[in-house]
Amino acid sequence: MAEAPYPGRGPSRLVPVLLVVASFVTVSVVAFQLATIPPPPTFTMAIDSQPPGVSFSIDGVKHTTPFNGSLVARSHTIIMPSHAVIDGVTYNFQRWSDGPADRSRGFVLQGNRSFSASFVRTVATLPVASDSYAATFSLSTNGGKKFLADSLGHPIVVYINGQGQVAVTVNHGDPMKDAWNPPFVSPRGFSRPAAVLLTDDEMHVVGEFQSSVRDLVVHLSRDPQGHVTGATFDPAIPVEDRGGYASAVRAHDGSIWAVWNRWDGPVGAFTASRLVAGHWTPGNGWTKQVIAIDTGNTERFYPIIIERPDNFKLYVFANRGEGSPDRRFAFVSAPFSNGNWTWGGADLSYETIASRGITDSVDAAWDPIRNRVVVVNDHTGTPSYFAFTLDANDVKTHFDTPDFAIVNNDWGSILVDSASGDYYLLFMETYGAAVGRACYTRWHGGLWSDFVVLDENPSDAAFRPSSVPSSHKDVVFARGSVTGSVEIRYARIP
């Protein structure tokens, strides 16, 4: 503290002076500038179809072909419909232009891209016959082969007409454009035929005649070009007094094996259902034996028999009648050794979720590429089918279909494309009366496709694929009331 005079006042005095020393601190303010994130890039996406005008979705948003727009660079999913109706015409999804057959595809967009989807028009179905009896008496049983071909490749269809006669019609040209011949007919009283073309000149039709199993031998006459010009029918041979729903197959040695259902006990109070196997050989005629019996469930068996070409083993599969208290599915086989077949024990519960009824009969076919038997049957109560294969060691492998977006399904049958190895499961989308539009699903690359509509008519029933291995994928089916006179139509799957 210092002394200083105070001007104009008396004696000087001490005045306190406060010296303030300021310490200056420099504060640096650092400003962080946030980097601006650019929006993700977009690329041009072009999607068209043949024909145009198909409604589809990208990431769940609906669009119509042709589509041209910009999409963000990321993962996207395009879904085409299984079928589209354009100007009143139904088109079925076939494949993408770059190959995939799945109508749903995901991709990562990293540049401009384009896709094109191919749709095919519902195939034309051509008339075979207009006088068929109801499907459940004519084309219905899967076990009864009715669509055959001779050694010249002429397709032959065997059916029951409205008079209860076995009818045989042949096409000597291209069934895609040429008419079928007027049918040759037998005496009346028959139903549910199972036809076996023993030679080009002799056919056996194992079927029902007034609640019994009969063998009707048909002799075919031909002109020098091999065209069938006539048919004569021998008197039907009795095989089983009380039987029905026969299935038959020509064995590798030229004999015939057949199976059918037989009831024990009086009508209305049956005590058992049996599977009976019959064996026809030239010169000896028919012998038969019981290969399965069920006394707990007397509902009929709906069987199919098939012979493996690789080891000649016989398989019989059978679902049960409409009133069955359970959903079991029977299986019995007969290995071939030293010129003979020996039937083993039956497994009445080989499958436990099988269908019931004639409109859902089991079907089976041979896969010549993978050497296995393919079996299909309806999953009762679901819009799907179970499917499995059996290899030479009887190892069973399931590859069931998914549930389809349909009301109901009946008349399931299996067709094997002997060229590609693809399977075609044929069925009707029915609406409570066992008739509906004809559909199929294709097994390719280990997956079943979505269903494809083959014929839009709402009164189709009872598919019968050709029983001769072929890449043509030919089928016949019934059109009309399931209980009245119906038309038989022919189609070729594209």
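A simple rule links phi to the HN-Hα coupling: the Karplus curve 6.51 cos²θ - 1.76 cosθ + 1.60 with θ = phi - 60°, which for the range 415-427 gives 10, 10, 7, 6, 8, 9, x, 6, 10, 10, 9, 9, 7 Hz, with x for Gly and Pro. Once backbone amide H atoms are built at 1.01 Å from N, residue 372 has 367 as its partners under 5 Å, excluding neighbours fewer than 5 places away on the same chain.
Starting from one equal scatterer on each C-alpha and no solvent at all, send me the Debye-based log10 I(q)/I(0) for the range 315-368 at q = 0.17 Å⁻¹, two decimals. Taken in order of the listed q values, log10 I(q)/I(0) reads -0.61. In sequence order, the range 272-281 has phi-based couplings of 6, 10, 10, 9, 10, 10, x, 10, 9, 10 Hz under the Karplus curve 6.51 cos²θ - 1.76 cosθ + 1.60, θ = phi - 60°, and Gly or Pro positions carry x.
3J(HN,Hα) along the range 241-246, derived from phi through the Karplus expression 6.51 cos²θ - 1.76 cosθ + 1.60 where θ = phi - 60°, amounts to 5, 10, x, x, 6, 7 Hz, with x in place of Gly and Pro.
Sorting the Cα pairs of the range 42-121 by distance into bins of 10 Å, from 0 upward, gives 19, 56, 22, 3 percent per bin. Peptide packing: for 225-235, 293-303, 364-374, the average count of neighbouring Cβ atoms within 10 Å per residue gives the ranking 293-303, 364-374, 225-235, highest mean first. Close amide H partners of residue 145, meaning residues 5 or more places away or on another chain with modelled amide H under 5 Å apart, are 195, 248. Using only the alpha-carbon atoms of the chain as identical scatterers, what base-10 log of I(q)/I(0) does the Debye formula give at q = 0.07 Å⁻¹? Results for the chain at q = 0.07 Å⁻¹ read -0.44. Evaluated on the range 104-173, the Kirkwood hydrodynamic radius is 16.2 Å, with distances taken between all distinct Cα atoms.
If r is the Cβ-Cβ distance from residue 338 to residue 42 and R0 is 60 Å, what FRET efficiency results, to the nearest 0.05? According to the calculation, E is roughly 0.20. List the residues of the range 417-445 whose backbone N lies under 17 Å from a point placed 7 Å from the Cα of residue 102 along the Cα-to-Cβ direction. Output list for this probe position: 442-445. Label-to-label distance for residue 120 and residue 380 is 3.5 nm, based on points extended 7 Å past Cα in the beta-carbon direction. In this simple spin-label approximation, residue 113 and residue 68 carry label points 7 Å from Cα along the Cα→Cβ vector, and these lie 2.0 nm apart.
Highest mean packing comes first when the peptides 343-350, 188-195, 209-216 are listed by Cβ atoms within 10 Å, giving 188-195, 209-216, 343-350.
Computed from the Kirkwood radius of its Cα pairs, the Stokes-Einstein diffusion coefficient for the range 326-421 at 25 °C and 0.890 mPa s stands at 167 µm²/s.
Amide H contacts for residue 293 (H built 1.01 Å from N in the peptide plane; partners 5 or more residues away or on another chain; cut-off under 5 Å): 275.
With 0.36 nm allotted per residue and the present C-alpha distance subtracted, the residue 272-residue 75 stretch has 64.8 nm of extension available. Do any of 62/473; 62/177; 177/396; 146/313 go past 32 Å between their Cα atoms, and which? Pairs exceeding the cut-off: 62/473; 62/177; 177/396. In the chain, Cα pairs under 8 Å separated by at least six residues give a relative contact order of 11 percent.
For residue 288, a cut-off of 20 angstrom between C-alpha atoms picks up these aspartates and glutamates, skipping any fewer than 8 places away in its own chain: 208, 215, 240, 241, 253, 264, 307, 347.
The distance linking the range 191-220 with the range 245-308 is 15 Å (Cα centroid to Cα centroid, whole angstrom). In this rough spin-label picture, where each label sits 7 Å from Cα along the Cβ direction, the residue 353-residue 255 distance is 3.9 nm.
Residue-normalised convex hull volume from the C-alpha trace of the range 150-283: 128 Å³ per residue.
We did not get these values from a lab; they are worked out from the coordinates using the rules stated. Bear in mind the structure is a predicted one, so any value in this text is a computation, not a measurement. Here the Cβ is made from the backbone with ideal geometry for all residues, glycine too, and neighbour counts use every protein chain on show.
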